[in-house]
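The values are calculated or read from the model by the stated rules, or taken from the named source; none is laboratory data. Just so it is clear, the model here is predicted, and its values are computed rather than measured. All Cβ positions, glycine included, derive from the backbone under ideal geometry; neighbour counts span all protein chains shown. Quick note on the areas: whole protein, heavy atoms, side chains included, nothing else; ligands and nucleic acids left out. Shrake-Rupley method; radii C 1.70, N 1.55, O 1.52, S 1.80 Å.
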Amino acid sequence: MGVNITGPKIYFKINIGSLEIPFTETMLCMWIVMAIIIAVCLFLAHNLQKVPKGKQVLAEKIVSMLYGMVEETMGKHNLKYAPYIGTLFAFSIFGSLSSLITLRPYTGNLSVTLTMALMTFFMVQTVSIRTNGVGGWLKGFAEPVPFLVPLNVISEVANPISMSFRHFGNIAAGTVITSLIYSALAGLS
């Protein structure tokens, strides 16, 4: 049958001094999906009126649902993070579904999901330090009882790693299964 499941293709390499940066299929698909997301946003936000109608109703519904979700899960005081969460969600969902338009899903690349998880992890830690101060942030690791500090630190560090591997694993497995099904169907025909 000849099933060949490899990583993303390298189209070319960019040389910057002694550094060689590959331009991969993942990068190309990300740029295409980002262009689609930007085009959809520009289309929905074009020619806004005080009294919404048509596509503006859809755009306002999406935004109000996002803000409602953030308010329900994170509280009203964290509504300022709704644009980040919406961007992360759109980037993730469009990236995962990009295989429907024959693109390789870039969320099936561990470096993409790990980057998203680490960005969010560092943002959460920074906000926690700003809100509670360094002492309050460190004290949070000793709750509910001080002897749990090592477990709380491990749990905090393991969270972005776990999230990125889960997202990557789901999409990568889907890609492998789809490749196997396509190969089996080609063999049957």
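Using the Karplus equation 6.51 cos²θ - 1.76 cosθ + 1.60 (θ = phi - 60°), what ³J(HN,Hα) coupling, rounded to whole Hz, does each residue of the stretch 137-142 give in order, writing x for Gly and Pro?
With coefficients 6.51, -1.76 and 1.60, one gets 5, 5, 4, x, 6, 8 Hz.
Report, as a whole number in µm² per second, the diffusion coefficient that Stokes-Einstein gives for the stretch 1-133 at 37 °C and 0.692 mPa s using the Kirkwood radius over alpha carbon pairs.
184
With a 1.4 Å probe and every protein chain kept in, tell me what percent of the accessible surface of the chain is carbon plus sulfur.
71
Simple spin-label model, 7 Å along Cα-to-Cβ: residue 175 to residue 102 in nm?
Here the modelled spin labels are 1.8 nm apart.
If I stretch the segment between residue 11 and residue 115 completely, what's the gain in nm (0.36 nm per residue apart, minus their alpha carbon distance), one decimal?
Full-extension gain reported as 35.3 nm.
Collect residues whose amide H, placed 1.01 Å from N in the peptide plane, falls under 5 Å from the amide H of residue 23; neighbours closer than 5 in sequence don't count.
Residues meeting the amide H criterion: 11, 12, 13, 14.
Suppose we look only past 16 Å in the calculated P(r) of the stretch 83-189. What percent of the Cα-Cα pairs does that tail hold?
68
In whole Hz and in residue order, list the ³J(HN,Hα) couplings for the stretch 67-83 that follow from phi through the Karplus curve 6.51 cos²θ - 1.76 cosθ + 1.60, θ = phi - 60°; x for Gly and Pro.
5, x, 5, 5, 5, 5, 8, 10, x, 5, 5, 10, 4, 5, 8, 4, x
Let's test the formula: R0 of 22 Å, r as the Cβ-Cβ distance of residue 148 and residue 124. What FRET efficiency results, to the nearest 0.05?
So the FRET efficiency works out to roughly 0.70.
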